[in-house]
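Student: Below: one structure in structure tokens.
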Amino acid sequence: MHGNFSLSKSNYWQLLPYIRPQWQTIAKGFVGIIGYVIATLGLIKLVEELATPFGQGNVVEIAKLALILAGVFLVRGFFQSIQDIYMAKAALRVAYNLRKQVYAHLQKLNLSYFETAKAGDLSYRLTEDVDRVGEVVHKMFHDFIPSALQLVTIPIYMIYLSWQLTLATLIIAPLMGVLIAWFGNRLQKLSRRSQNHVSDLSAILTEVFGGIRIIQAFAAEVYEITRFSKEAESTFKSKYYTERLKAIQIPIIGFLQALSFLLLLFFAAWQISRENLTVGTFFSYLSAAALLIDPVGHTTNNYNLFKEGESSVDRVFELFAIQPAVVEKANAISLPPVMGKVEYRNVTFAYQPDKPVIKDISLLAMPGEAIALVGASGAGKTSFVNLLPRFYDIQKGEILIDGIDIKDVTLHSLRRQIGIVPQETMMFPVQLPKTSLSDKPILIYKLLKKQRKSLTPMTLSVKCPMVIIP
């Protein structure tokens with residue numbers, strides 16, 4: 001499944017329809033971001049003002065400026081809290097809406113898709129992948145944008161103080177950018193591989209725990225342990241390679257940052273010796289450079305996170321690329337209450353175009369009539385009855401209920417009038433409402449409460465004129 005529905009290219013633009021409705025919340029967060037950046041620039045200016053009284057030993061002036069610094073720090077923290085609260089709310093809402101729409105889309109897909117899809121993989125995409133997308137959106141607004149604004153505004157102020165020192169500081173920046181991009185691309189590939197392995201591991205767990213009785217009946221425990229161990233080993237290796245690459249990246253980028261700082265000190269000493277730079281200006285410049293370290297580190301880490309999260313975006317939107325095989329007509333009508341006359345007319349059906357499992361079969365079932373389909377395993381009995389609720393669409397012929405073609409009615413109105421007694425027992429943790437008798441589950445609940453005995457197909461037929469027992 002990992003490669004069957006891949007998109008043409010990976011990008012975050014697909015998230016725009018989910019981000020756009022949150023613009024008011026994001027705008028409030030941006031107020032906090034702007035205030036935070038302005039307060040940061042104010043700190044740099046105050047450090048420059050401190051240089052003179054500090055050199056003169058003027059304690060009163062230092063205390064006065066220190067109080068102002070404390071106030072600016074407090075204002076900066078206030079704006080940061082505004083930024084954090086609203087950006088977190090917007091990101092969580094994006095993840096919520098995305099998860100809800102993906103789940104709703106999956107509900108529209110047909111049995112043919114779920115017969116080949118892995119339940120564990122789908123669960124991983126709806127939980128871990130969507131959470132990672134939400135985390136990326138949160139980091140984008142909460143961390144990356146403020147850091148990017150600081151990386152723009154602080155260097156502008158640094159150029160204003162001394163363009164020569166700024167040039168010396170940023171001379172290594174292009175090399176850092178190239179290295180960060182290279183590491184990010186490698187991390188994206190490794191992250192995609194790691195996520196696929198984890199989803200495969202989740203799929204194995206779902207299969208094994210769901211079929212544990214069969215596994216124990218055939219004494220297949222050793223085989224399943226071996227299969228699980230191999231997949232766990234692959235997951236370990238992919239995650240280890242990812243962490244190893246990050247561990248290599250950190251000291252390399254750290255060394256380049258240290259080298260930039262050493263170049264800054266060298267050129268600053270040279271400028272001061274030539275009386276082109278005052279000590280106060282240098283203090284202010286050094287404060288600005290120090291305040292750049294944090295946003296540079298955040299930007300590097302966020303870039304890595306974005307590249308890793310890109311695979312999650314693709315894995316989630318791959319699901320939207322899958323379209324239902326059974327689609328209602330645009331002018332489909334609601335199926336009126338039926339008597340139960342079912343007719344198959346020259347029906348041909350195939351899972352694969354060149355291999356029909358049902359060929360030119362006709363059948364007429366009158367209301368109240370019970371029909372048993374008998375045949376060898378794999379002869380197509382279950383496939384035959386699965387065509388009535390339109391779990392699959394036929395290639396030729398017609399299926400009629402009370403003379404109405406099932407392709408002309410809505411799926412909901414069709415299926416709500418068909419009762420199915422499956423071979424397997426499924427328990428759903430759903431609380432049944434007690435205020436209405438309009439739906440089948442409510443009728444079953446009332447009958448159970450009153451009669452205290454198992455339901456039969458005839459019990460179901462009180463509300464469902466047509467009953468299927470696969």
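Student: Of the residues that make up the stretch 252-259, is at least one assigned to a helix (DSSP H, G or I), free of Cβ contacts under 8 Å to residues at least 24 places away in the same chain and over 21 Å from GLY184 (Cβ atoms)?
Tutor: Of the stretch 252-259, the ones assigned to a helix (DSSP H, G or I) are 252-259.
In the following step, the residues that additionally are free of Cβ contacts under 8 Å to residues at least 24 places away in the same chain were identified as 254-255, 258.
Next, from what is left, pick out any that are over 21 Å from GLY184 (Cβ atoms): 258.
Yes, the stretch 252-259 contains at least one residue that is assigned to a helix (DSSP H, G or I), free of Cβ contacts under 8 Å to residues at least 24 places away in the same chain and over 21 Å from GLY184 (Cβ atoms).
Student: With the requirement that a residue be loosely packed, with under 11 Cβ neighbours inside 10 Å, under 36 Å from the mean Cα position of the chain (by Cα) and in contact (Cβ under 8 Å) with a residue 24 or more places away in the chain, what does the stretch 330-352 give you?
Tutor: Of everything in the stretch 330-352, just one residue is loosely packed, with under 11 Cβ neighbours inside 10 Å, under 36 Å from the mean Cα position of the chain (by Cα) and in contact (Cβ under 8 Å) with a residue 24 or more places away in the chain, namely SER334.
Student: Then there's this: Give me the residue from the stretch 165-185 that is polar (S, T, N, Q) and surrounded by 15 or more Cβ atoms within 10 Å (Cβ to Cβ) and, out of that set, nearest to VAL296 (Cα to Cα).
Tutor: Among residues in the stretch 165-185 that are polar (S, T, N, Q) and surrounded by 15 or more Cβ atoms within 10 Å (Cβ to Cβ), the one nearest to VAL296 (Cα to Cα) is THR169.
Each row is one residue, and each column tells you yes or no for (1) aliphatic (A, V, I, L, M); (2) over 30 Å from SER162 (Cβ atoms).
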{"position": "ALA268", "(1), (2)": "yes, no"}
{"position": "ASN276", "(1), (2)": "no, no"}
{"position": "THR300", "(1), (2)": "no, no"}
{"position": "GLU308", "(1), (2)": "no, yes"}
{"position": "PRO337", "(1), (2)": "no, yes"}
{"position": "GLY340", "(1), (2)": "no, yes"}
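Student: Taking the stretch 108-150, which residues are outside any helix (DSSP H, G or I) and modelled with pLDDT under 85?
Tutor: Of everything in the stretch 108-150, those that are outside any helix (DSSP H, G or I) and modelled with pLDDT under 85 turn out to be ASN110, GLU115, THR116, ALA117, LYS118.
Student: Quickly run through the stretch 260-289 and pick out the residues that are in a helix (DSSP H, G or I), surrounded by fewer than 13 Cβ atoms within 10 Å (Cβ to Cβ) and without any contact (Cβ under 8 Å) to a residue 60 or more places away in the chain.
Tutor: Once the filter is applied, which keeps residues that are in a helix (DSSP H, G or I), surrounded by fewer than 13 Cβ atoms within 10 Å (Cβ to Cβ) and without any contact (Cβ under 8 Å) to a residue 60 or more places away in the chain, the stretch 260-289 yields LEU262, ALA269, SER273.
Student: Please specify each residue of the stretch 219-231 satisfying the condition of being loosely packed, with under 13 Cβ neighbours inside 10 Å and of a type outside the set (Ser, Thr, Tyr).
Tutor: ALA219, GLU221, VAL222, ILE225, LYS230
Student: Something else now. So which pairs qualify, if the first residue must be in the stretch 362-383 and among the acidic types (Asp, Glu), the second must be part of a loop (DSSP other than H, G, I, E, B), the Cβ gap must be under 9 Å, and the two must be at least 6 apart or on different chains?
Tutor: What qualifies is GLU369/GLY340.
Student: Right, something else. For the stretch 151-185, how many residues meet the condition of being polar (S, T, N, Q) and at pLDDT 80 or above?
Tutor: Residues meeting the conditions: 1.
Student: I've got another one for you. In the stretch 184-197, is there at least one residue being assigned by TED's automatic domain parsing to the domain that holds LEU277, assigned to a helix (DSSP H, G or I) and either without any contact (Cβ under 8 Å) to a residue 40 or more places away in the chain or over 28 Å from the mean Cα position of the chain (by Cα) (or both)?
Tutor: Yes.
Student: Could you list, ordered by first residue, the pairs with Cβ atoms under 9 Å in which the first is in the stretch 53-76 and farther than 19 Å from LEU41 by Cα and assigned by TED's automatic domain parsing to the domain that holds ALA39 and the second is of a type in the set (D, E, K, R) and at pLDDT 80 or above, at least 6 apart or interchain?
Tutor: So the pair list comes out as PRO53/GLU61; PRO53/LYS64; PHE54/GLU61.
Student: Let me ask something else. Condition test on PRO146, is it surrounded by 16 or more Cβ atoms within 10 Å (Cβ to Cβ), more than 30 Å from ARG274 (Cα to Cα) and more than 18 Å from the chain's Cα centre (by Cα)?
Tutor: On the way: surrounded by 16 or more Cβ atoms within 10 Å (Cβ to Cβ): yes; more than 30 Å from ARG274 (Cα to Cα): yes; more than 18 Å from the chain's Cα centre (by Cα): yes.
It is true that PRO146 is surrounded by 16 or more Cβ atoms within 10 Å (Cβ to Cβ), more than 30 Å from ARG274 (Cα to Cα) and more than 18 Å from the chain's Cα centre (by Cα).
Student: Just need a number here: residues in the stretch 212-245 that are among the acidic types (Asp, Glu) and either under 25 Å from TRP182 (Cβ atoms) or modelled with pLDDT under 80 (or both).
Tutor: Total meeting the criteria: 1.
Student: Right, next: Of the residues GLN188, GLN257, GLN249, which is surrounded by 12 or more Cβ atoms within 10 Å (Cβ to Cβ), of a type outside the set (Val, Ile, Thr) and more than 30 Å from ALA288 (Cα to Cα)? If you could, list the steps in order and put the result at the bottom.
Tutor: Numbers: GLN257 fails: more than 30 Å from ALA288 (Cα to Cα); GLN249 fails: more than 30 Å from ALA288 (Cα to Cα).
Sole residue among the options that is surrounded by 12 or more Cβ atoms within 10 Å (Cβ to Cβ), of a type outside the set (Val, Ile, Thr) and more than 30 Å from ALA288 (Cα to Cα): GLN188.
The values are calculated or read from the model by the stated rules, or taken from the named source; none is laboratory data. This is a predicted model, so every value here is computed, not measured. Cβ coordinates were reconstructed from backbone atoms using ideal geometry, including for glycine residues, and neighbour counts include every protein chain displayed.
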